[in-house]
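Written out below as structure tokens is the structure these notes cover.
The values are calculated or read from the model by the stated rules, or taken from the named source; none is laboratory data. This structure is a prediction, so every number in the text was calculated from the model and none was measured. Note that each Cβ is placed from the backbone with ideal geometry, even for glycine, and that neighbours are counted across all protein chains shown.
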Amino acid sequence: MAADIVSPFVGTWKYSEARSNIYSGNLPRSSGTTLQIQRDRNGFRWTNEGLANGKAMKLTYCFQLDGKEYPVTGSPLYDTMAIREIDPSRW
């Protein structure tokens, strides 16, 4: 992704459990969760803060859209994530 292109994923979103159907299996239930994705000099920074199963959580992840694994901090479910750009509107 060229550095001068604005990504539609950059921004801040507030999670609404009432309007979502993403949960299944062992995923923690969230409430009051805010997701923020920002550009930084090396790619992107993902910050997810709120409550998961009633406990405060803060997940952070700095990554590039190259499909390589990058470390995740604050997640009880995984230590790394990999994101690849399919096209400018899909990761």
Residue list for segment 61-80, filter: exposed (fewer than 15 other Cβ atoms within 10 Å of the Cβ) and in a strand (DSSP E or B): Asp66, Gly67, Lys68, Glu69, Pro71, Thr73, Thr80
In segment 73-91, residue modelled with the highest pLDDT [restricted to those that are over 14 Å from Ile37 (Cβ atoms) and among the aliphatic types (A, V, I, L, M)]: Ala82
Scan of segment 7-40 for residues that are surrounded by 10 or more Cβ atoms within 10 Å (Cβ to Cβ), hydrophobic (A, V, I, L, M, F, W, C) and at pLDDT 70 or above, ordered by number: Phe9, Val10, Trp13, Leu35, Ile37
Qualifying residue in segment 49-59 (condition: part of a strand (DSSP E or B) and under 15 Å from Trp91 (Cβ atoms)): no
